[in-house]
Amino acid sequence: MKPAYKLDRIDVKILAVLQRNGRITNVELADAVNLSPSPCLMRVKKLQQAGYISGYSAQIDLARLGSTMTVFTEFTLKNHRQIDFARFQEALEKIDSCVECHLVSGGYDYLVKFVTNGIEDYQSIVEGLIDREVGIDKYFSFVVLKTPFARKHVDLTRLFSDPD
């Protein structure tokens, strides 16, 4: 899919700053990317309209709310037709505890991240998937003991160093 317009280095800077702080004021953003406020706001609106900015949200500290458990699960499907992948993905999309789903290459088909309120909750989710017969051949679970760090952003200027 071709983007509505080609990004330049200023657009990438805007995205990088917004990624780190979505609540920044337009004046502060303009200053951070060396633009005046009006052109900066116009660029942000264009980036939103073109779909480069898909939304804004708050980052919640789950540990402060209560105990949770994160589990990464490798799923291998019985069959590898398009309909099998679609059926499995559709089932996962209906599970609120499923926060990430990645179709991967290698020894299994999907790497899925669940955030649950405990092992019983997680096991109930997996058993539900198996009971619904969504094509699972096997799965392996990896319970997260500790997360030393988790980045909420990527270095856009490094990834897209020269978009001109």
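Key figures for this structure:
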read-out: (1) -0.59, -1.08; (2) -0.55, -0.92; (3) -0.75, -1.01, with the label sought being that of the calculated log10 I(q)/I(0) by the Debye sum over Cα atoms at q = 0.12, 0.16 Å⁻¹; value: (3)
read-out: Table column - 3J(HN,Hα) (Hz), region 134-142, Karplus curve with 6.51, -1.76, 1.60, x for Gly and Pro; value: 9, x, 6, 8, 7, 8, 10, 10, 10
read-out: Net lengthening on full extension, Val144/Glu120 (0.36 nm per residue, minus Cα-Cα); value: 7.1 nm
read-out: Nearest-20 debye value, region 9-58 charge dipole, Cβ charges on Lys, Arg, Asp, Glu; value: 120 debye
read-out: Degrees between helix 82-93 axis and first principal axis of the chain (Cα, 0 to 90, nearest 10); value: 80 degrees
read-out: Accessible surface of Glu74 - all protein chains present, 1.4 Å probe, nearest 10 Å²; value: 40 Å²
read-out: Student exercise, the chain dipole from Lys, Arg, Asp, Glu Cβ charges, in Debye to nearest 20; value: 640 debye
read-out: Charge tally in the Cβ shell below 13 Å around Val144, where Lys, Arg are +1 and Asp, Glu are -1, Val144 excluded; value: +1
read-out: Helix-derived mean residue ellipticity, 222 nm - over the chain, DSSP H n ≥ 4, -39500 (n - 2.57), to 500; value: -11500 deg cm²/dmol
read-out: Where the chain is the region considered: accessible area per residue in Å², 1.4 Å probe; value: 71 Å²
read-out: Region 62-143 - charge dipole about Cα centre, Lys and Arg +1 at Cβ, Asp and Glu -1, debye rounded to 20; value: 140 debye
read-out: Estimated FRET transfer efficiency when R0 is 35 angstrom, pair Leu41-Leu65 (beta carbons, to 0.05); value: 0.50
read-out: 3J(HN,Hα) from dihedral phi, region 55-67, Karplus parametrisation 6.51/-1.76/1.60, rounded to Hz, x for glycine, proline; value: x, 10, 8, 8, 8, 9, 7, 4, 4, 6, 7, x, 6
read-out: Top positive-direction residue, dipole computed over the chain with Cβ charges, set Tyr52, Val12, Gln89; value: Val12
read-out: Carbon plus sulfur fraction of accessible area for region 99-164, probe 1.4 Å, in percent; value: 52 percent
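The values are calculated or read from the model by the stated rules, or taken from the named source; none is laboratory data. All values reported here derive from a predicted model rather than from experimental measurement. Backbone-built Cβ (ideal geometry, glycine too); neighbour counts: all protein chains shown. Calculation scope for accessible area: heavy atoms of the full protein, side chains included, ligands and nucleic acids excluded. Shrake-Rupley method; radii C 1.70, N 1.55, O 1.52, S 1.80 Å.
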